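Please read the structure below before turning to the comments.
Values in this text are rule-based calculations from the coordinates and carry no lab data. Fair warning: this is a prediction, and the values are worked out from it, not measured in the lab. Methodologically, a virtual Cβ is constructed for each residue, glycine included, from the backbone with ideal geometry; neighbour enumeration extends over all protein chains shown.
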Amino acid sequence: MSTKPIGIFDSGVGGTSIWKEVHALLPNENTIYLADSLNAPYGPKGKERITELSIKNVDLLIEKGCKLIVVACNTATTNAVKHLRSNYNLPFIGIEPAIKPAALKTQTKSVGILATKGTLASDLFHETTDLYSNGIHIIEQEGEGIVQLIESGQLNSDAMKALLDIYLQPMLEANIDYLVLGCTHYPYLMPMLIEMLPKHIKIIDSGEAVAKQTKSVLDKHQLLNTQSTKSKHQFFTNGNPEVMQSLLGEGFKVEYLEF
């Protein structure tokens, strides 16, 4: 079992930001990444449809022999991970916005969160926010249109900058000192955000925490790959392979797969 791959899925290419963190921490592990770009974004789709899509992705990853699955999508985690955990007999790693560290560290008592509609509307998001936001002003901003631009290869476009200008303005007016990225597509905006935001505002995403949790769960279930052979990585998308290829760089092959 230990040499079997880690499965990772997202509503598109964004979860590759999570894959990079997992691969950096666990270089021995084989991985299979599934980008459901055809159905991106999951955010506006509603809990039932998001759960259906998540099941479809999980079934395919299990068919391909995965030993653990990372739900590298905030919207799929907040809407479907409870269902997945109670219906499948393998470990799942979920991802949700890193509200806790931002709420604990903020000096201005004002934290911005940029996320999809599906994440912001979910019960899990509200539970987490209620738990850690006592005395903290949380400015929620739906990043409508961001995922679509990234999925269509327009990451560094003028259209993206124009959207971010609109979305960041209320947060700046509220004097935030932390910006939480609540979608796995959004870490790819980091260079642009660093350029646009005042230097004192810190940006947090969940990638490193997810990688550490993945290692911990593999260790707990005695599933860590201890072999020193070169790890294998497969990337599948039902969208345009070139978009994911541009984010991964050379050395990794992205294949088109109808699913």
Worksheet item: Over all distinct Cα pairs, what is the inverse of the mean 1/r for the range 10-78, reported as the Kirkwood hydrodynamic radius in Å?
Response: 12.5
Fill in: the range 1-130: relative contact order in percent, alpha carbon pairs under 8 Å with at least 6 residues between
27
Worksheet item: Taking only DSSP H segments of four or more residues, each worth -39500 (n - 2.57), what value at 222 nm results for the chain once the sum is divided by all its residues, to the nearest 500 deg cm²/dmol?
Response: -13000 deg cm²/dmol
Item to complete: Give, in nm to one decimal, the length gained when the segment between residue 162 and residue 56 is fully stretched (0.36 nm per residue of separation minus the Cα-Cα distance).
Response: 34.7 nm
Fill in: Distribution of pairwise C-alpha distances over the range 136-193, 10 Å bins, in %
21, 58, 20, 2
Practice prompt. Can you tell me the dipole magnitude for the range 103-145 around its Cα centre, using point charges on the Cβ only (Lys, Arg +1; Asp, Glu -1), in Debye to the nearest 20?
Written response: 260
Item to complete: Please give the length that would be gained between residue 108 and residue 190 if that part of the chain were fully extended, namely 0.36 nm times their separation in residues minus their C-alpha to C-alpha distance (nm, one decimal).
Response: 27.3 nm
Practice prompt. Mind putting a number on the dipole of the chain about its Cα centre? Charges go on the C-beta only, +1 for Lys and Arg and -1 for Asp and Glu, and I need it in Debye to the nearest 20.
Written response: 840
Worksheet entry | Spin-label proximity, residue 228 to the range 1-34 - amide N less than 18 Å from point 7 Å beyond Cα toward beta carbon | 3, 26-30
Worksheet item: Reachable lysines from residue 47, Cα under 17 Å, same-chain residues fewer than 8 places away excluded?
Response: 56, 82, 117
Worksheet item: If the convex hull of the alpha-carbon atoms of the range 79-238 is projected onto planes in all directions, what is the mean projected area in square nanometres?
Response: 11.8
Worksheet item: What's the angle, to the nearest 10 degrees (0 to 90), between helix 207-220's Cα axis and the longest principal axis of the chain?
Response: 40
Worksheet item: If one takes the longest principal axis of the Cα atoms in the chain, at what angle in degrees, from 0 to 90 and to the nearest 10, does the Cα axis of helix 158-173 lie?
Response: 60
Item to complete: Note down the net charge around residue 5, summing +1 for each Lys or Arg and -1 for each Asp or Glu among other residues with Cβ under 10 Å from its Cβ.
Response: +3
Discussion item. Let me check against my output: what whole-number percent is the relative contact order of the chain, with C-alpha pairs under 8 Å and at least 6 apart?
Written reply: 28
Item to complete: Using the charge dipole of the chain (Lys, Arg: +1 at Cβ; Asp, Glu: -1 at Cβ; taken about the Cα centre), state which of 171, 70, 40 has its Cα farthest towards the positive end.
Response: 70
Worksheet entry | For the range 180-259: lysine pairs under 23 Å (alpha-carbon distance), excluding those fewer than 8 apart on one chain | 9
Worksheet item: Can you give the angle from 0 to 90° between the axis of helix 123-132 and the longest principal axis of the chain, with both taken from C-alpha atoms, to the nearest 10?
Response: 60
Worksheet item: Want the number for residue 217 to residue 131: 0.36 nm per residue separation, take away the alpha-carbon distance, what's left?
Response: 28.5 nm
Practice prompt. In debye, nearest 20, what is the charge dipole magnitude of the range 200-259 about its Cα centre with +1 on Lys and Arg Cβ and -1 on Asp and Glu Cβ, if you could check?
Written response: 340
